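Asker: Input: one structure, supplied below.
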Amino acid sequence: MFVVLVLFTKLSLFLFQKFSKLKQKKVLFVFGTRPEAIKMAPVIHYFKTKPEIVTTKVCVTAQHREMLDQVLDFFEITPDYDLDLMKKGQNLYDLSARILTRLKPVLEDYKPDYVFVHGDTTTTAMGSLAAFYSGAQIGHIEAGLRTFNKKAPFPEEINRQLTGRLTDFHFAPTVQARQNLEKENITKGITVTGNTVIDALFWGLEKLKNFENNEITQLKNIVDPNKKIILVTGHRRENFGEGFINICKALQEIALSHPNIDIIYPVHLNPNVQQPVYKLLGNIKNIKLIDPLNYPAFIWLMQQSHIIITDSGGIQEEAPSLGKPVLVMRDTTERPEAVKAGTVILVGTDQNKIIKNTNKLLTDNDFYNQMSRLHNPYGDGYASKRIFDFITKQ
Ligand code: UD1
Ligand code: UDP
């Protein structure tokens, strides 16, 4: 009797393992820039906790290098494939072609069932096209954001629309994003998950409680606790040239008319950003130009800040969770939810609008309090789990 029981248990175990193997899917996460890495990190970690259901691998195109490595390091992600593609001053044509051709051998080697891409970069658009050629099914995280203006953000709006066409599973962060897809007659395979940036932010905030790295220590040396901080970032292509000159002139005036505040600006490594910013703002006492910060240091700095002025997509989504008012240096946004909620104002690259709204935030307490209330329309920290649950039901 005992022998029969042992044999039966062994057989059941064998069949279970065989069955699980058959069911087990191969997933490849493809990304290349800082924001994609931040927003993919919690999803990758979630998938990696379920090895009995999915095999998870990571391919970085390294469209960014230093700024990507900062994120991989903090989130402890070691890529299985690193295409190491970034070239200084790269252009869209070459980058796009190199991503497509260099992904071919990766897809042929690993043969994933699903390829996950994120957002709206060149890596996203070319990664999903390569995945489509390989026959894999495509999951698009942060799907459905739209301005319906093909020139802004450039080229991201079209990257998103192309990716939406190629995608099988659309992970829309908000209801509005789902509705945008429906306007394009995409009605199947959509689920609303919240934005994974909030998963990443909560994780980062938790880790910060018992964590101090060199960059935070260095920041403490330049942050004057008696001064209000205005945190600035900017990198959008459509703002290159005149837009950036206007932004810099506005910041000059704000700094000179408010000597009691400090402007801290981690400058994006794109040479089209570095050149005007260092030239126009390099010699102003209360403007501190610094290198891009690693993610925990940047979260720490957001927490210390009074106002954030940015053209970044991710920062618009994070700031409402920290109760920080944001002035967005863009004329249009694919993230209208925080504008509706009143925590974000679009100021474009119009010098007067940037100065006027900053001055109002610095002097009008009611206005400041109204904009800084804690309310985040973008997520609750459980987007990664929803993505996993949805894909494993397919
Ligand atoms: C890219 C994305 C943009 C995203 C942004 C996030 C495209 C077309 N653009 O813009 O959607 O919002 O990333 O930051 O996909 N560089 C470095 N080191 C780095 C990163 C960049 O030196 O770690 C410099 C290089 O000279 C590089 C240049 O910046 O050639 C531009 O990088 P690229 O990824 O082409 O464009 P971004 O402006 O960073
Ligand atoms: N960020 C960072 N260090 C910095 C500036 C930004 O880690 O010095 C983070 C920020 O918290 C957000 C993301 O980078 O999560 C935004 O990236 P970026 O502005 O480059 O791209 P976008 O979101 O506009 O695509």
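The values are calculated or read from the model by the stated rules, or taken from the named source; none is laboratory data. Everything numeric in this text was worked out from a predicted model, so none of it was measured. Cβ: placed from backbone, ideal geometry, glycine included. Neighbour counts: every protein chain shown. Accessible surface is based on the protein model in full, side chains and every heavy atom, while ligands, DNA and RNA are left aside. Shrake-Rupley method; radii C 1.70, N 1.55, O 1.52, S 1.80 Å.
Asker: Quick one: is Phe29 assigned to a helix (DSSP H, G or I) and more than 16 Å from ligand 2 (Cβ to nearest atom)?
Answerer: When the stated conditions are applied, Phe29 does not pass them.
Asker: Now a separate question. Residue check: is Ser384 surrounded by 23 or more Cβ atoms within 10 Å (Cβ to Cβ) and either among the acidic types (Asp, Glu) or part of a helix (DSSP H, G or I) (or both)? Full working, then the answer.
Answerer: Numbers: surrounded by 23 or more Cβ atoms within 10 Å (Cβ to Cβ): yes; either among the acidic types (Asp, Glu) or part of a helix (DSSP H, G or I) (or both): yes.
Yes.
Asker: Under 6 Å by Cβ, and 6 or more places apart or on different chains, what pairs join a residue from the stretch 26-42 that is free of Cβ contacts under 8 Å to residues at least 60 places away in the same chain with one that is within 12 Å of ligand 2 (Cβ to nearest atom)?
Answerer: Pairs that qualify, where the first residue is free of Cβ contacts under 8 Å to residues at least 60 places away in the same chain and the partner is within 12 Å of ligand 2 (Cβ to nearest atom), are Ala37/Phe31; Ala37/Leu68; Ala37/Val71.
Asker: Here is a further query. Which condition number in (1) closer than 26 Å to Gln275 by Cβ; (2) more than 16 Å from ligand 2 (Cβ to nearest atom) is the one that Lys50 fails?
Answerer: (1)
Asker: If we scan the stretch 246-255, do we find a residue that is away from ligand 1 (no atom under 15 Å from the Cβ), assigned to a loop (DSSP other than H, G, I, E, B), surrounded by fewer than 20 Cβ atoms within 10 Å (Cβ to Cβ) and at pLDDT 95 or above?
Answerer: no
Asker: Does the stretch 339-374 hold any residues that are assigned to a loop (DSSP other than H, G, I, E, B) and surrounded by 13 or more Cβ atoms within 10 Å (Cβ to Cβ), and which are they?
Answerer: Once the filter is applied, which keeps residues that are assigned to a loop (DSSP other than H, G, I, E, B) and surrounded by 13 or more Cβ atoms within 10 Å (Cβ to Cβ), the stretch 339-374 yields Gly342, Thr343, Val347, Gly348, Thr349, Asp350, Ser372.
Matching residues to (1) out of contact with any strand residue (DSSP E or B) (no Cβ under 7 Å at 6 or more places or on another chain); (2) under 15 Å from Leu28 (Cα atoms); (3) free of Cβ contacts under 8 Å to residues at least 12 places away in the same chain:
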position	(1), (2), (3)
Gly127	no, yes, no
Ala130	yes, yes, no
Lys150	yes, no, yes
Leu162	yes, no, no
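Asker: Applying the selection to the stretch 74-95, what residues are in a loop (DSSP other than H, G, I, E, B), open to solvent by less than 50 Å² (accessible area, probe 1.4 Å) and away from ligand 1 (no atom under 12 Å from the Cβ)?
Answerer: Across the stretch 74-95, the qualifying residues are Phe75, Ile77, Pro79, Leu83.
Asker: For the stretch 179-208, give me each residue that is more than 16 Å from ligand 1 (Cβ to nearest atom) and open to solvent by less than 20 Å² (accessible area, probe 1.4 Å).
Answerer: Selection gives Asn180, Leu181, Ile186, Ile190, Thr193, Gly194, Ile198, Asp199, Leu201, Gly204.
Asker: All but one of (1) open to solvent by less than 20 Å² (accessible area, probe 1.4 Å); (2) within 16 Å of ligand 1 (Cβ to nearest atom); (3) touching a strand residue (DSSP E or B) at 6+ places or on another chain (Cβ under 9 Å); (4) among the β-branched types (Val, Ile, Thr) hold for Val273; which doesn't?
Answerer: For Val273, the failing item is (3).
Asker: Whether any residue in the stretch 142-159 is open to solvent by 60 Å² or more (accessible area, probe 1.4 Å), on the phi > 0 side of the Ramachandran plot and in a loop (DSSP other than H, G, I, E, B) is what I want to check.
Answerer: Yes; the residues of the stretch 142-159 include at least one that is open to solvent by 60 Å² or more (accessible area, probe 1.4 Å), on the phi > 0 side of the Ramachandran plot and in a loop (DSSP other than H, G, I, E, B).
Asker: Under the condition of being assigned to a helix (DSSP H, G or I), open to solvent by 40 Å² or more (accessible area, probe 1.4 Å) and within 28 Å of Trp203 (Cβ to Cβ), which residue from the stretch 276-305 is nearest to ligand 2 (Cβ to nearest atom)?
Answerer: Filtering the stretch 276-305 for residues assigned to a helix (DSSP H, G or I) gives 276-281, 295-304.
Checking which are open to solvent by 40 Å² or more (accessible area, probe 1.4 Å) leaves us with 278-280, 303-304.
Narrowing further to those that are within 28 Å of Trp203 (Cβ to Cβ): 303-304.
Numbers: Gln303: 11, Gln304: 14 Å.
Going through the qualifying residues, I end up with Gln303.
Asker: Limited to the stretch 55-68, what total is found for residues that are away from ligand 2 (no atom under 12 Å from the Cβ) and open to solvent by 10 Å² or more (accessible area, probe 1.4 Å)?
Answerer: Looking only at that region, the number is 4.
Asker: With (1) within 16 Å of ligand 1 (Cβ to nearest atom); (2) open to solvent by 10 Å² or more (accessible area, probe 1.4 Å) as the list, and Leu322 as the residue in question, which single condition is left unmet?
Answerer: Of the numbered conditions (1) within 16 Å of ligand 1 (Cβ to nearest atom); (2) open to solvent by 10 Å² or more (accessible area, probe 1.4 Å), the odd one out for Leu322 is (1).
Asker: Also, quick follow-up: Cβ-Cβ under 9 Å, sequence separation 6+ or interchain: first residue in the stretch 46-68 and free of Cβ contacts under 8 Å to residues at least 24 places away in the same chain, partner within 16 Å of ligand 1 (Cβ to nearest atom). Which pairs?
Answerer: Arg65/Asp84; Arg65/Leu85; Arg65/Met86; Arg65/Leu269
Asker: Taking the stretch 166-214, which residues are without any contact (Cβ under 8 Å) to a residue 60 or more places away in the chain, basic (Lys, Arg) and not in a loop (DSSP other than H, G, I, E, B)?
Answerer: The answer is Arg178, Lys183.
Asker: Scan the stretch 327-348 for residues that are in contact (Cβ under 8 Å) with a residue 24 or more places away in the chain, within 15 Å of ligand 2 (Cβ to nearest atom) and β-branched (Val, Ile, Thr) and jot them down.
Answerer: Thr332, Thr333, Val344
Asker: Looking at the stretch 215-269 only, could you name the residues that are touching a Ser or Thr at 6+ places or on another chain (Cβ under 6 Å), of a type in the set (A, V, I, L, M, F, W, C) and within 16 Å of ligand 2 (Cβ to nearest atom)?
Answerer: Ile229, Leu231, Ile247, listed by residue number.
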